[in-house]
Ligand SMILES: [Zn+2]
């Protein structure tokens, strides 16, 4: 059976257009998880790059044949008439422009007599209400009234949709509004008579920023004129305004840089939909991240992983059905209930409801841990079996949470799955795997990582590089010792790189350091440096790299080791903690 296909379009226009990319991305990711072929069309932009929008298609152009087809059919339907008059158009491509140089091709703008094609919007204005007022066409449902009210105030003057070009090959040059519609329709296979359009159009979602509701108005009129059925949905979300400490508006990109794209994604998607624009102060942003992400989700992940590390040697233990209690059944039921809700609410674009369903499962799992108190079930004793059951269940519940989060916070979801040891395992991280409880294999090895969402300290001097702050606990994990250079040799293949053998009084370390320019091999021999001694080893050109040394940058831009006085014994610990 061929895969189901969905097309999702985010219309350009205005600042809220960017925000629309996030709910569109959530829908695209959900459809992808459900096994659909998905295309997400959007104007390529910095925003999409920073937020790692999935399934994004470059290119956004309407096909010339669809433009001609539309103009001709609209004329036949009596919806379009032509009138010859003077237009300012591009001499080369025919695009109607009022600037000096054509914004499409850079050609010269001239005033010339041309045939203009006008659409009679007023013929359809009555029926648009009925069209847009039907159930589940405008999403989220809450926005339907807003859209209809705005459509009411749109001008009903005849609308220039295309100009006949005399010299170029292309017959009609569409204005922006028709051009965008032609792009959407050709992307869905319109006018290619193979039934593809009938299949794809009901699964085509059109995201309109509020600034572009006039497009929606015009498009619906065209659909009515040509008896084109309703698409899958017109999606329209209200905008979000972010204010910094000085109450000035800031870009979501800046916030994403400071607080991680995933948390800002979460913030937008978790915001309860309202008719009005939402405003967030930076304090509210911080509060929300700390409360929902650091405390509830982040703590749960840390807790589960450390309980399994501590009480089960880092392996998912085997549950024992005989020790099952009511709390286990409730947890299982809530977990099995969650993906269906997430799917339903993302499909209806009620993203905050989808997130609420996941938050509920997070809450239930946190309460399950408190009520079962695994730390009181002493390992090795007669409660060992019960302990195993509890630990298994919290790991499995975390799998449900992680997979359910995939459309909302892909990066965080991935990091949770990595810790559970199931990232990349399609059977355990697919949406359909959430149809069954208990798929997480016994003896899976869990791998703890650094904190998922570090707590943010409010009032840290406004928007700053929070992401660069590290926890003191993390600092304590780095071992630094004074080490003596036993030997130093140039690495032939890499200019400036030295292969050092260091000694910390107990063992030797092979270390690669790019310091040859400031410190030639002979100079280094016998010197004492600071060695970071507990790093994961790596290898370059067959040479082991078992640590790093502290270096500083000279004025000339070279790297130079930080040297330690000769009378300090090798092996002395170096730290920044007292
Ligand atoms: Zn041009």
- Task: Please tell me if residue 523 is more than 26 Å from residue 454 (Cβ to Cβ), in a helix (DSSP H, G or I) and more than 36 Å from the chain's Cα centre (by Cα).
- Result: yes
- Query: Is it the case that segment 220-237 has a residue that's in contact with a strand residue (DSSP E or B) (Cβ under 9 Å, 6 or more places away or on another chain) and at pLDDT below 90?
  - Reply: no
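Go through the residues of segment 154-164 one by one and say whether even a single one is within 16 Å of the ligand (Cβ to nearest atom), in contact with a strand residue (DSSP E or B) (Cβ under 6 Å, 6 or more places away or on another chain) and part of a loop (DSSP other than H, G, I, E, B). Outline the logic, then answer.
Step one: list which residues in segment 154-164 are within 16 Å of the ligand (Cβ to nearest atom), which gives 162-164.
Remaining after also requiring in contact with a strand residue (DSSP E or B) (Cβ under 6 Å, 6 or more places away or on another chain): 162-164.
Those still in the list that are part of a loop (DSSP other than H, G, I, E, B) too: none.
There is no residue in segment 154-164 that is within 16 Å of the ligand (Cβ to nearest atom), in contact with a strand residue (DSSP E or B) (Cβ under 6 Å, 6 or more places away or on another chain) and part of a loop (DSSP other than H, G, I, E, B).
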- Message: Quick test for you: out of 98, 134, pick the one residue that is over 22 Å from residue 66 (Cβ atoms), within 16 Å of the ligand (Cβ to nearest atom) and surrounded by fewer than 14 Cβ atoms within 10 Å (Cβ to Cβ).
- Response: 98
- Which residues, counting only those in segment 377-414, are surrounded by fewer than 18 Cβ atoms within 10 Å (Cβ to Cβ), in a helix (DSSP H, G or I) and touching a helix residue (DSSP H, G or I) at 6+ places or on another chain (Cβ under 9 Å)? 385, 411, 414
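Here is a yes/no grid of residues against (1) more than 30 Å from residue 150 (Cα to Cα); (2) crowded, with 19+ Cβ neighbours inside 10 Å; (3) modelled with pLDDT under 95:
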site: 272; (1), (2), (3): no, no, yes
site: 278; (1), (2), (3): no, no, yes
site: 282; (1), (2), (3): yes, yes, yes
site: 300; (1), (2), (3): yes, yes, no
site: 310; (1), (2), (3): yes, no, yes
site: 320; (1), (2), (3): yes, no, yes
site: 326; (1), (2), (3): yes, no, yes
site: 336; (1), (2), (3): yes, no, no
site: 349; (1), (2), (3): no, yes, no
- Tell me, which residue of segment 104-131 that is in contact with a strand residue (DSSP E or B) (Cβ under 9 Å, 6 or more places away or on another chain) and part of a loop (DSSP other than H, G, I, E, B) is farthest from the ligand (Cβ to nearest atom)? 120
- Item | segment 42-59 - residue that is touching a strand residue (DSSP E or B) at 6+ places or on another chain (Cβ under 6 Å) and on the phi < 0 side of the Ramachandran plot and, of those, modelled with the lowest pLDDT | 57
- Message: Going by what's in this entry, would residue 77 be described as under 25 Å from residue 226 (Cα atoms) and within 16 Å of the ligand (Cβ to nearest atom)?
- Response: no
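Please verify whether residue 308 is in contact (Cβ under 8 Å) with a residue 40 or more places away in the chain, within 14 Å of residue 398 (Cα to Cα) and in contact with a helix residue (DSSP H, G or I) (Cβ under 7 Å, 6 or more places away or on another chain), treating the condition exactly as stated. Before the answer, list the steps.
On the way: in contact (Cβ under 8 Å) with a residue 40 or more places away in the chain: yes; within 14 Å of residue 398 (Cα to Cα): yes; in contact with a helix residue (DSSP H, G or I) (Cβ under 7 Å, 6 or more places away or on another chain): yes.
The answer is yes for residue 308.
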- Message: As an exercise: evaluate residue 92 against (1) within 16 Å of the ligand (Cβ to nearest atom); (2) within 40 Å of the chain's Cα centre (by Cα); (3) surrounded by fewer than 18 Cβ atoms within 10 Å (Cβ to Cβ) and give the number of the one condition it does not meet.
- Response: (2)
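Here's the yes/no breakdown for (1) buried (at least 19 other Cβ atoms within 10 Å of the Cβ); (2) within 22 Å of residue 54 (Cβ to Cβ):
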| position | (1), (2) |
| --- | --- |
| 184 | yes, yes |
| 188 | yes, yes |
| 204 | yes, yes |
| 207 | yes, yes |
| 210 | yes, no |
| 222 | yes, no |
| 244 | no, no |
| 249 | no, no |
- Message: Could you check segment 80-89 and list, in sequence order, the residues that are without any contact (Cβ under 8 Å) to a residue 40 or more places away in the chain and within 12 Å of the ligand (Cβ to nearest atom)?
- Response: 88
- Message: Please go through (1) modelled with pLDDT under 90; (2) in a loop (DSSP other than H, G, I, E, B); (3) more than 35 Å from the chain's Cα centre (by Cα); (4) more than 16 Å from the ligand (Cβ to nearest atom) for residue 68 and return the number of the only condition it doesn't satisfy.
- Response: (2)
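The values are calculated or read from the model by the stated rules, or taken from the named source; none is laboratory data. Computed from a prediction, not measured in an experiment: that's the story for all the values here. Neighbour counts run over all protein chains shown; Cβ positions are idealised from the backbone, glycine included.
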